[in-house]
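Here's the structure we're looking at; comments come further down.
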Amino acid sequence: MLKSKTFVKKTRSGGVMKIVREHYLRDDIWCGSEVCTECKQESTALQRDPCMESNLCSYPHYVIPDTNVVLHQIDVLEDQVIRNVIILQTVLAEVRHRSAPIYKRLKDIVHEKEKNFYTFTNEHHRETFIEREPGESANDRNDRAIRVAAKWYSEHLKKSESDTDPLKVVLLTNDQGNKQKAEESGLLVYKCEEYIKSLIGNPELVDRLALSNDDKNDITSSKVLFPEHLPLSRIQAGLKNGTFLQGTFRASRDNYLEATVFVQGEGEESTEVLIQGLQNLNRSVYQDVVAVQLLPRDQWVAPSSVVLQDEGAAKDDNEEEGEEEKELRVSAAEAARKPTGRVVGIIKRNWRPFCGMLNASIIKESTRHLFTPADRRIPRIRIETRQADALAGQRIMVAIDGWPKHSRYPNGHFVRTLGSAGDKETEQQVLLLEHDVPHQAFSQAVLSFLPTMPWEITPEVMVNREDLRSLTVCSVDPPGCTDIDDALHCRELDNGNLEVGVHIADVSHFIRPGNAMDKEAANRGTTVYLCGKRIDMVPELLSSNLCSLRSNVERLAFSCIWEINHEAEILKTRFTKSVIKSKASLTYAEAQMRIDDTTQTDDITKNLRGLNKLAKILKKHRILKGALTLSSLEVRFHIDSETHDPIDLQTKELMETNSMVEEFMLLANISVAQKIFDEFPDCAMLRKHPAPPPSNYDILLKAAKSKAVEIHTDSAKALADSLDVARVDGFPYFNTLLRILATRCMMQAVYFCSGMDSDFHHYGLASPIYTHFTSPIRRYADIIVHRLLAVAIAADKTYPDLMDKQKQSALSNNLNYRHKMSQYAQRASVAFHTQLFFKSRGILNEEGFVLFVRKNAIIVLIPKFGLEGTVFFDSKNKAAPNVVFDEEGPSLTVEQHIFHMFDRVTVTISLDASNIQHQKIRMSLIEPVIPGVSVSAPEVEPLAKKPRLDR
Amino acid sequence: MAGLELLSDQGYRLDGRKATELRKFQARMGVFAQADGSAYLEQGNTKALAVVYGPHEVRGSRSRIRHDRAVINCQYSMATFSTAERKRRPHGDRKSTEMSLHLKQTFEAAVMTQLYPRSQIDIYVKILQSDGGNYSVCVNAATLAVIDAGIPMRDYVCACTVGFVDETPLADLCYAEEGGGVSSLALALLPRGGQIALLQMDARLHQDHLEALIEAAMTACKGVSKVLDQVVRQHLQEASVPSAE
C-alpha cells in the first residue's frame, strides 16, 4: 500500500495560526462501478446499466452533480428516477459545511441501496487530488477538483469497458464559468435544468426544480417592494449594542399584515414585539429567526382585532394594499399600544416544505401560479408549473426558494402532490406533515437492524434473564390492539402474601443504542395514533410481533415483581429481565366478563380477580393521597369496514378493568422511577407534572360559583375532594363538566432529566416521582428508562450518551415536542373524522351545554359526540345583535337572553365546507329561541352548502 | 457546521488514512557521534530526537545509587518552535515533568537494568515538531536510541496512541484528531511477550469500550514494532557494510 504525502496549509482567523495537516493520497480508492475490471472493490454501487433516459444523453451515463446543484436541487435528487449518481467527497464536504439538513438528506440518499449513489473520496485519491494554486479561491479550487474527478472518471470508465458503448459521466453544474471550463477540458456537462428537462417520461420532475437566480428576475417586475435585509455582520453588531432584538417571528393567524416577534429575554423575562404592515414584516415567514428594530414610541400601535385574509390572487400590485394597511392603523386603539418594530434582517430562515393547494392562474396557459398553504400563517407562494390543470383540487407540497425584494410573494417550487383534497388519505398526510410527524416508511438502514426471522430465543439471550414462562401471565388491552406492551400476573405465595408482576416488552433488547433504528425511534419519539391509522415508532416486525406480548408465544420482557400483602402494601420490589409466555390476550370487556362471571374458576380468572381486588385498594390509597380524577371526552369512531368512513360516533367507556391495568402501570412506573433515580441521580429520565399557577383556576372557580358550588384549589387533594362533592340536583352531567373544565386548567406533563431540575412532583398523580416505563413500543422515553433500569440491575451495558445529562435533556425536549405534536395531530384527525361523519349524516339537532362564554360567542359541548363547537353571535352578512359580555359571571347577554356557563342549549350541527382547505363544523342555536339569532329547528340554509362539497 | 468529521462513512479519516493505519515512519539511528546512542524519528508530522548517555556512574547525590540495578533518568522537552504557537518554556512545566516520569517508568520496565548495578542511564527526548501522539513518538525514538547505545532491552518498547470515534478505534492519532473530542489512550507494549509497559488515559471512556481500544492499541504497537525492527536492521546493515570493506 503506497502512501505519498503532501502538506496542506491552512490559516485560520482569531490570530493567524498556521495549521499543518498531513494529507495522504491513496491508490486503493475504487470507482464503485460494476463495469470496472481494474478496481479491486468488494461491493459496487453504480450499476452496469444505468437506466436514466435522457434526450440530451442517449448513451448510458453516470451523473456527477456539483455542490450548488446538490444544495438547491436536493428535492430532485431524492426522486426515485435519479439513480447512479457519483457524489464527490469535495461536494459532500462543502454541503456539510453549508447546510446541515441537506447534508443529512444527502447522506440518507447515499445510504439507500436502490438509489445507487456512490461517494467517491476524490480528495484522497492519488490521481484526482489537486492543490490550490496561488491566487485561486477555495471555491474555484473545489470546482476544479470536481472537474478533475469527472475527467478521471470518464477516462477510467473508457479504459475498463471493451465491448459495448462506453459508459460516460455527465457533470451537472449551474455555474456558467465552471461549465465553460469543463467543456474546454472535453467533459460532458449540462446545466441541471437542461438535464432534468431532457429526462424522458418524467415531466413532473421539472416542477421540482428550484428556481435558480437568473430565472427569478423574469418572474417579477423590477419594482422594489421591500427594504433590503441587512447583512449578518451588521445585524450582529446591532444585536450587540442593543439597537436590534433577536426573536422568533410568529405570524398572526387571522391577519396577514400583522405578526409578533417573540424575544427571549435573559432568564425568565421575554417580550413580544408587534410588527404591522407588509414593509415592516419585510419578507419574514412564520418561525424565522429575525432581527427587529423598535420603532419610536409615537409610532407604536395596538394589535388590531380585524380579521384580514390575503385575497390577493389578482391584485399583484400594491396600491390596494396600502389602503388595507391604513384601515388597520386607524382601527388601532390609542390606549393599548404595544412595542412595535420592523424587521431589519433575517438571521435564520426556518423554511420547510408546506402543504396547501394551488390557486390556478386565470390565464389558462400561464405557468406561474400562486399557492395557498394550509397554515394561514404562511404567506402565499408563487410557483411555476406546467401541470396546473392536474394539480387543481389537489393537496400539494411546495418549498420556498427565496423571497426577492421586488416580489410580493416568495418564490418556490413544487415538491410533490399528496392527493386530492378532502380525500381521507390525503388529509391524513397533510395533518401529519403540518404537525411535523415523521411518517415515512422506515429506511433500509433502519430495517437492517431488525433481527432476522425466524427469530427464536437462544442461550445467549437467556444470560441475565429469568425464565418466567411457567407463570400464568395475561394481557388486557383495548380491542384490536396489536402492540401489546404490558402483561400482568398475580399468584399467592407460600407465606400467604401475593406476588404481582408487571411484564413489559423488552424493546431495548432489540433496539441497541446508537444504531440507525435507535436514532430513528429517538427522532420519532412516539407512536402516533390517528383514527384508523397508526404511525409506528419502531418497525412493524418489532411493534406488532417480536415485542408484542401476544398470547402463547415466548417473548422477552422486563419484569417488575412485587411481593404485596392483602392490604396492598408493598413488601418487596425487584426488577429483572425475563422470558414470559402469555396465556391470554384479553380485551377490557373480556377481562371484565371473566371477573364478573362467578362460574369461571380457571387460573387466568383467579389471577384477574386478585389483581382487581388489589387495584381497588391501590386506587383508594392513591385518591386518599390526593390524586386527581379528571375527565376528558374521548370519542371512538365506528369505521365502516369497506369504505373506512366513520359511521357512528361514541364516547369511550371506561370499565373496572381499565383502571385495574392502569393502577398497576402507575405502580410500576413509580417503582421504576424511584429505582433509576436512586441509582442515577444525575441522569434519570423522569416525568413531572407541575402544579398549575392559581390564576389558571379562575375560570373553574367562577363557573362553579355560578352554580353555588365551592371548589378548593389550594392543593391537589383539596381539588380532588371538592370535585367529588360538587353536585347539583337534577343536573347529573354537572360533575363531568366541572372535571372537563379542571382538566383544561392543568399544565402539560413533561419529561426531563433529573440532573437538570429539582422539582420532580407529579401533580395529577400526587406522586413525588414518576416516569414512563410501561409502553416502550410506543414511547421512546420508556426505552431510555428501560436502559437505565437494565444498567441499574446490571443486566445490560451502558453507553456514554445515557449518562450525559445534557444529551438526555436535549432528548427529553425532543420527546416533549413530538408528544405535543402527536397529540395535536390526533386531535386534528378526530376533528377531520368528525367532519366526515357529519358530512355523511347531514344536519343534526343535538342538545349540549355551554362550556365557555366568550366576547362574541359561546362554546358548546355536545356530550353525545364529545364534540365542541362555537356559536357566533356576529356574522358578516347579518346585523349583529346586541351583545353584552360580563367577565365576572362570566355571562353573555344576547338581546334579552343571558347565557351562563353550563346552560343547556340545543344546536343544529352542519359542516361548513365553504373553504375547502379549512372545513369546519358549524353550530347554530335553536334553543333558547332568541329572535334574530337562533335558527328554526329544521334544516334550512346549511343545505345549500352541501353540493359544493362533492365537487 | 460544528466540528470535523473524524471518520467518514467511507471509512477515511481526516488525513485520508483508514482507522487502523499508522502514519508514515521515517527514522535514522546514530545521528550524533558524541552521545552513546541517538535516533531521530518522524511519525507523520510529529518529529522527535532522542539521545542516550550511559550507562555511566551515578552523578549527583549518591543516595540515588541502586546496588542491584541501574537508575534511568529521563528528560522530556518540547522545542519552542514545535507547536503552531511558540512555546514559552521548553521543559520543566508540569506536563513535561509528567511525561518525563512516564518515559522513565516505561524504560525501567524494558531496559535490563540489573546488568548495570550502581550506574545510571540518561535518556533525553526532544519533540521538534508536534502533531499528536507525542508520548508514543518519544518512546519509539528513545527505543531506537537505546538500541543504538547498545544497551540490552527485553524487547523493543513500542508505543501508540489510539482514540475512539463512532464505535471505531483509530490508531496513531494526529493533532486534529486528538483535539477533536476523542477519548485517547496511550499504550507502550513489549510486543513479543505482549506485556504492557505503560497505559495512560485521561479522557472519559466507557468501560465496555476499553477492551476493544486496548486491543486496537496492541495491534497498532505490533505494527510499530515491525517498522522499528526494519529500521534497526537497515541501520545495522549500513553500519556493517563499510567495516567489511
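Of these, B:Leu49, B:Leu103, B:Leu22, B:Leu41, which one is surrounded by 17 or more Cβ atoms within 10 Å (Cβ to Cβ), within 14 Å of chain A (Cβ to nearest Cβ) and among the aliphatic types (A, V, I, L, M)?
Answer to the check: B:Leu22.
Which of the following residues is away from every other protein chain (no Cβ under 14 Å), in a loop (DSSP other than H, G, I, E, B), at pLDDT below 85 and surrounded by fewer than 18 Cβ atoms within 10 Å (Cβ to Cβ): A:Leu56, A:Leu2?
A:Leu56
Let me confirm something: among B:Glu57, B:Glu85, which residue is within 14 Å of another protein chain (Cβ to nearest Cβ) and over 27 Å from B:Ile196 (Cβ atoms)?
Matching residue, one of B:Glu57, B:Glu85: B:Glu85.
Out of the residues in the range A:760-774 that are closer than 14 Å to A:Met665 by Cβ and hydrophobic (A, V, I, L, M, F, W, C), which is modelled with the lowest pLDDT?
A:Leu765
Provide a single number: the residues in the range A:560-572 that are over 35 Å from the mean Cα position of the chain (by Cα), surrounded by 17 or more Cβ atoms within 10 Å (Cβ to Cβ) and either of a type in the set (Lys, Arg) or outside any loop (DSSP other than H, G, I, E, B) (or both).
Looking only at that region, the number is 3.
Got a sec? Which of A:Ser891, A:Ser914 is more than 35 Å from the chain's Cα centre (by Cα) and either at pLDDT 65 or above or on the phi < 0 side of the Ramachandran plot (or both)?
Exactly one residue qualifies, and that residue is A:Ser891.
Taking the range B:124-160 only, how many residues are outside any loop (DSSP other than H, G, I, E, B) and within 17 Å of B:Val231 (Cβ to Cβ)?
Looking only at that region, the number is 19.
So which of B:Ala239, B:Ala216 is assigned to a helix (DSSP H, G or I) and surrounded by 14 or more Cβ atoms within 10 Å (Cβ to Cβ)?
Residue meeting the stated conditions: B:Ala216.
Which number in (1) within 21 Å of B:His56 (Cα to Cα); (2) touching a Phe, Trp or Tyr at 6+ places or on another chain (Cβ under 9 Å) marks the one condition that B:Phe107 misses?
Checking B:Phe107 against (1) within 21 Å of B:His56 (Cα to Cα); (2) touching a Phe, Trp or Tyr at 6+ places or on another chain (Cβ under 9 Å), the one that fails is (2).
Does A:Ile86 meet the test of being within 14 Å of chain B (Cβ to nearest Cβ) and either closer than 23 Å to A:Ile200 by Cα or touching a His at 6+ places or on another chain (Cβ under 6 Å) (or both)?
Against the criterion (within 14 Å of chain B (Cβ to nearest Cβ) and either closer than 23 Å to A:Ile200 by Cα or touching a His at 6+ places or on another chain (Cβ under 6 Å) (or both)), A:Ile86 qualifies.
For the range A:35-47, check the following and say yes or no: at least one residue is over 20 Å from A:Glu155 (Cα atoms), within 14 Å of chain B (Cβ to nearest Cβ) and polar (S, T, N, Q).
yes
I need the full set of residues from the range B:146-161 which are charged (D, E, K, R) and either over 15 Å from the mean Cα position of the chain (by Cα) or under 17 Å from B:His102 (Cβ atoms) (or both), in order please.
B:Asp148, B:Arg154
With respect to B:Thr80, determine if the residue is more than 12 Å from chain A (Cβ to nearest Cβ), surrounded by fewer than 19 Cβ atoms within 10 Å (Cβ to Cβ), hydroxyl-bearing (Ser, Thr, Tyr) and assigned to a loop (DSSP other than H, G, I, E, B).
Yes, satisfied.
Here are the criteria: (1) away from chain A (no Cβ under 14 Å); (2) over 19 Å from the mean Cα position of the chain (by Cα); (3) crowded, with 20+ Cβ neighbours inside 10 Å. Tell me which single one B:Arg13 does not satisfy.
All conditions pass for B:Arg13, except number (1).
I want to confirm something. Restricting to the range A:791-802 and keeping residues that are within 13 Å of another protein chain (Cβ to nearest Cβ), over 27 Å from the mean Cα position of the chain (by Cα) and assigned to a helix (DSSP H, G or I), which single residue is modelled with the highest pLDDT?
A:Val791
So, in the range B:207-245, how many residues would count as being of a type in the set (Ser, Thr, Tyr) and at pLDDT 90 or above?
2
Out of all the residues in the range B:152-170, which are surrounded by 18 or more Cβ atoms within 10 Å (Cβ to Cβ) and more than 30 Å from A:Ala516 (Cα to Cα)?
The answer is B:Tyr156, B:Val157, B:Cys158, B:Ala159, B:Cys160.
Before we move on, is A:His61 within 13 Å of another protein chain (Cβ to nearest Cβ) and either at positive phi or modelled with pLDDT of 80 or more (or both)?
Taking the combined requirement at face value, the residue does not satisfy it.
From the list B:Leu190, B:Leu173, pick out the single residue that is more than 19 Å from B:Ser130 (Cα to Cα), in contact with a strand residue (DSSP E or B) (Cβ under 7 Å, 6 or more places away or on another chain) and buried (at least 18 other Cβ atoms within 10 Å of the Cβ).
Going through B:Leu190, B:Leu173 in turn, the sole match is B:Leu190.
Which one of B:Leu185, B:Leu228 is surrounded by 14 or more Cβ atoms within 10 Å (Cβ to Cβ), in contact with a Phe, Trp or Tyr (Cβ under 9 Å, 6 or more places away or on another chain) and outside any strand (DSSP E or B)?
Of the residues listed, the single one that is surrounded by 14 or more Cβ atoms within 10 Å (Cβ to Cβ), in contact with a Phe, Trp or Tyr (Cβ under 9 Å, 6 or more places away or on another chain) and outside any strand (DSSP E or B) is B:Leu228.
Read through the list (1) of a type in the set (Asp, Glu); (2) surrounded by 18 or more Cβ atoms within 10 Å (Cβ to Cβ); (3) out of contact with any helix residue (DSSP H, G or I) (no Cβ under 7 Å at 6 or more places or on another chain), then give the number of the only condition that A:Asp757 fails.
Every listed condition holds for A:Asp757 apart from (2).
Hey, any hits in the range A:425-432 for a residue that's surrounded by fewer than 19 Cβ atoms within 10 Å (Cβ to Cβ) and over 23 Å from A:Ala392 (Cβ atoms)?
Scanning the range A:425-432, I find no residue that is surrounded by fewer than 19 Cβ atoms within 10 Å (Cβ to Cβ) and over 23 Å from A:Ala392 (Cβ atoms), so the answer is no.
Could you run through the range A:707-720 and say how many residues are buried (at least 16 other Cβ atoms within 10 Å of the Cβ) and in a helix (DSSP H, G or I)?
Looking only at that region, the number is 4.
Just name the residue that is surrounded by the most Cβ atoms within 10 Å (Cβ to Cβ) out of those in the range A:83-113 that are touching a residue at least 40 places away in the same chain (Cβ under 8 Å) and closer than 24 Å to A:His61 by Cα.
Residue satisfying both the conditions and the ranking: A:Leu88.
The values are calculated or read from the model by the stated rules, or taken from the named source; none is laboratory data. Worth saying up front: this structure is predicted, and the values here are computed from it rather than measured. All Cβ positions, even for glycine, are placed from backbone atoms using ideal geometry, and neighbour counts span all protein chains on display.
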